[in-house]
């Protein structure tokens, strides 16, 4: 089946912090994180888990693979 599962929001926020993304603003229920000269990352802040598809698209934005994310999450969360 593969390694395509949701992870806790706090864990994902720690991961994007490692890549230099910082909280910028809230627009409705969406929390927006930005980094200079990069596209912003949008997360629904009211959810406890980040869905796997959101992880995949946000990893593309960051410039890493989901394997890197899941390996990091297993070691640090």
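Could you pull out every one of the strands (runs of 3 or more DSSP E) wholly within the stretch 4-48 that has 3 or more residues that are touching a helix residue (DSSP H, G or I) at 6+ places or on another chain (Cβ under 9 Å)?
Counting at least 3 such residues, we get 41-44.
Would you confirm, using the coordinates I've provided, whether residue 10 is in contact with a strand residue (DSSP E or B) (Cβ under 8 Å, 6 or more places away or on another chain), at pLDDT 90 or above and surrounded by fewer than 13 Cβ atoms within 10 Å (Cβ to Cβ)? Full working, then the answer.
On the way: in contact with a strand residue (DSSP E or B) (Cβ under 8 Å, 6 or more places away or on another chain): no; at pLDDT 90 or above: yes; surrounded by fewer than 13 Cβ atoms within 10 Å (Cβ to Cβ): yes.
So residue 10 does not fit the description; no.
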(message) I'd like to check something: does the stretch 53-67 contain any residue that is outside any helix (DSSP H, G or I), exposed (fewer than 13 other Cβ atoms within 10 Å of the Cβ), in contact with a strand residue (DSSP E or B) (Cβ under 9 Å, 6 or more places away or on another chain) and modelled with pLDDT of 90 or more?
(response) no
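So, of the residues in the stretch 26-52 that are under 12 Å from the mean Cα position of the chain (by Cα) and in contact (Cβ under 8 Å) with a residue 40 or more places away in the chain, which turns out to be surrounded by the most Cβ atoms within 10 Å (Cβ to Cβ)? Reasoning before the result, please.
Keep residues of the stretch 26-52 that are under 12 Å from the mean Cα position of the chain (by Cα), which gives 31-34, 40-45, 49-52.
Those left that are additionally in contact (Cβ under 8 Å) with a residue 40 or more places away in the chain: 49-52.
Numbers: 49: 14, 50: 21, 51: 13, 52: 15.
So, considering only residues that are under 12 Å from the mean Cα position of the chain (by Cα) and in contact (Cβ under 8 Å) with a residue 40 or more places away in the chain, the one surrounded by the most Cβ atoms within 10 Å (Cβ to Cβ) is 50.
The values are calculated or read from the model by the stated rules, or taken from the named source; none is laboratory data. What you see is a predicted model; the values in this text were computed from it and never measured. FYI the Cβ positions are ideal-geometry reconstructions off the backbone, even for glycines, and counts take in every protein chain you see.
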